[in-house]
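Here is the structure we will look at.
The values are calculated or read from the model by the stated rules, or taken from the named source; none is laboratory data. A quick note: this is a predicted structure, and the numbers were derived from the prediction, not measured. Using ideal geometry, Cβ is built from the backbone for each residue, glycine included, and neighbour counts are taken over all protein chains shown.
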Amino acid sequence: MARNKLAVIAIGGNSLILDEKHVRVEDQYVAAKETAVHIADLVEQGWEVAIGHGNGPQVGFILRRSEIAAKTEGMHEVPLDVCGADSQGAIGYALQQNLQNILYQRNIKKKVVTVITQTLVDKADPAFKSPSKPIGSFMNKEEADRRVSEQGWSVVEDAGRGYRRVVASPLPKEIVELETVETLIDKGIVTITVGGGGIPVVDPGDGNYAGIAAVIDKDYATSLLAQKLEAELFIISTAVEKVAINFGKPDQKWLDQITLSEAKAYLAEGIHFAKGSMAPKVQAIIWYLENNPKGKALITNPPNIGRALKGETGTWIVQD
């Protein structure tokens, strides 16, 4: 049986936290419900859907709880790869339950599932030689030195506020559970996967996987997912309705639609897209379009996904 057209959507982990006053698990559940409404619209329009999501704030919370419990109660600390797995389960649960409820209310007979997903990275990736992603709590110099000597951590001093651990952010090479995800989608099941970019794992050379302390960009991992699944549509759901060039300047211009070549040119100029936010999103889409000649991509915020699919808003990036 032929599969319906497939949309792969990347959701930011920050989108589940509306502001500093709404960070509780219950608040994140409510935010997940809002996002699920717009994903349900996609399903209702006849799309098969695979969902990737970020987990930056949530992993930070899990690490912080672990560190406090270790200091106050002598509990064991939770390794970073396991924190990623924990966040995949928790965020997946919130999205899965909300989306399943909404589909049921709309009388759409579709199941939703979360796959705890591993992402293979290369131990020789240059990122491991210069870890730069800060995680966890601030430490004084004594604790930082102890962590370096006893646990091999990389630490950096942070603007007089203390020391923090930094880890690598390597590129995703392979989605370990890809075949499982593809089987689920072919069965018409909405699948939540590559949470937080996937749990980073390496192959030591003996065919076995082992977790490694790293973080993977969720847009890069979801792009890889969209490429491998040959998805017709790749959506990056973010905080803005559209993408702009020359943002905040007199010649600021909102982009309705650009080609792959234009996206490459704007990114290469290095002045339009912030390195920590929009640049990786545009790069993720470039990789997707380069490897999927029939694909098209969209960047917009969750409330405008429906309107964007009708051509009313959002930034579309299409083949030349």
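The table below gives the values:
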| item | result |
| --- | --- |
| Criterion (part of a loop (DSSP other than H, G, I, E, B), within 20 Å of the chain's Cα centre (by Cα) and surrounded by 17 or more Cβ atoms within 10 Å (Cβ to Cβ)) met by exactly one of PHE234, PHE273 | PHE273 |
| Selected residue (only one of GLN97, GLN58 is out of contact with any His (no Cβ under 8 Å at 6 or more places or on another chain) and either modelled with pLDDT of 95 or more or not in a helix (DSSP H, G or I) (or both)) | GLN97 |
| Number of the condition not met by GLY160 [criteria: (1) within 24 Å of GLN319 (Cα to Cα); (2) out of contact with any strand residue (DSSP E or B) (no Cβ under 7 Å at 6 or more places or on another chain); (3) surrounded by fewer than 16 Cβ atoms within 10 Å (Cβ to Cβ)] | (1) |
| Cβ-Cβ under 8 Å pairs, at least 6 apart or on other chains, the stretch 279-292 side within 13 Å of PRO172 (Cβ to Cβ), far side in a helix (DSSP H, G or I) and among the acidic types (Asp, Glu) | PRO280/ASP219; GLN283/ASP219; ALA284/ASP219 |
| Matching option when the condition is within 29 Å of ALA50 (Cα to Cα), out of contact with any strand residue (DSSP E or B) (no Cβ under 7 Å at 6 or more places or on another chain) and not acidic (Asp, Glu), among LEU178, LEU184 | LEU178 |
| Filter result for the condition that a residue is of a type in the set (Gly, Ala, Ser) and under 20 Å from the mean Cα position of the chain (by Cα), over GLY74, GLY56 | GLY56 |
| Close pairs (8 angstrom Cβ cut-off, 6 or more residues apart or separate chains): on the phi > 0 side of the Ramachandran plot in the stretch 195-221, aliphatic (A, V, I, L, M) and surrounded by fewer than 19 Cβ atoms within 10 Å (Cβ to Cβ) anywhere | GLY198/VAL176 |
| Matching residues in the stretch 186-200 - criterion: being of a type in the set (Val, Ile, Thr) and crowded, with 24+ Cβ neighbours inside 10 Å | VAL190, THR191, ILE192, THR193, VAL194, ILE199 |
| Hey, LEU99 closer than 30 Å to ALA36 by Cα, under 23 Å from the mean Cα position of the chain (by Cα) and surrounded by 19 or more Cβ atoms within 10 Å (Cβ to Cβ) or not | yes |
